[in-house]
Ligand code: 13P
């Protein structure tokens, strides 16, 4: 059985005061033995304080990005060892905002994935096509390319300690989520691509859906056989909404 995961990507939002309020509400209401695992991913500067606030709860901590390099003259970067040092268990790599706005290549994302694992962080590898790719019927080609870069560098067994998030770019922050059927189709494709290398890894890897997930559409998305939870942006900033999404993941 794959335990579902609901992860909140806070992106460039929050303040010490807002984070404190949000975590207080989440920890007060998130059941210790929830069906779904819960992860929050605040901006770098708040990680250490969020780790402190989450102590004693079953909510885990992740970062939104990591440097591919271990240490050295890389101004502005944050290493996997540093993330581990301040209490992170997970890190998002290859989010479409990093790939598109900051021009991160498939190869760089693959190196970030490997850097995270080298320090025992679990990478949440984001993949997803843009609208033009989908309209040109190139969705699977794009997803395959993004996935294969990681498989080439780290091998399929690395996915025993990784999570994948399918996030169609056209669904992120647009209010237009993929339909459950569209999500299922791509999730099944991703699982089959892992399965071509290892049936066991394919069967065990959690594949999350991200892109305009809300309390109102989470249950139907999570009901699909290859959707193992969600990576949530905007709706993860509101405790009630995020908790409702977590509850939807727990009823499957
Ligand atoms: P939204 O849930 O705001 O669409 O963002 C999704 C996302 O990018 C999560 O990483």
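Numbers below:
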item	result
Scope the range 195-228; condition in a strand (DSSP E or B) and within 12 Å of the ligand (Cβ to nearest atom); matching residues	208, 209, 210
Some residue of the range 16-34 being surrounded by 14 or more Cβ atoms within 10 Å (Cβ to Cβ) and in a strand (DSSP E or B)	no
Residue 163 being within 16 Å of the ligand (Cβ to nearest atom), buried (at least 17 other Cβ atoms within 10 Å of the Cβ) and either modelled with pLDDT of 95 or more or farther than 26 Å from residue 87 by Cβ (or both)	yes
Single condition residue 66 does not satisfy, out of (1) under 26 Å from residue 248 (Cα atoms); (2) surrounded by 22 or more Cβ atoms within 10 Å (Cβ to Cβ); (3) within 16 Å of the ligand (Cβ to nearest atom)	(1)
Unique residue being at negative phi, touching a strand residue (DSSP E or B) at 6+ places or on another chain (Cβ under 7 Å) and within 13 Å of the ligand (Cβ to nearest atom) when the list is 237, 231	231
Which listed residue, of 4, 43, is free of Cβ contacts under 8 Å to residues at least 40 places away in the same chain, within 22 Å of residue 211 (Cα to Cα) and surrounded by 13 or more Cβ atoms within 10 Å (Cβ to Cβ)	43
From 46, 102, residue being within 16 Å of the ligand (Cβ to nearest atom) and either modelled with pLDDT of 95 or more or in contact with a strand residue (DSSP E or B) (Cβ under 8 Å, 6 or more places away or on another chain) (or both)	102
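The values are calculated or read from the model by the stated rules, or taken from the named source; none is laboratory data. As the structure is a computational prediction, the values presented were derived from the model and not from experiment. Because the Cβ atoms are built from the backbone with ideal geometry, glycine has one as well, and the counts that use them run over all protein chains shown.
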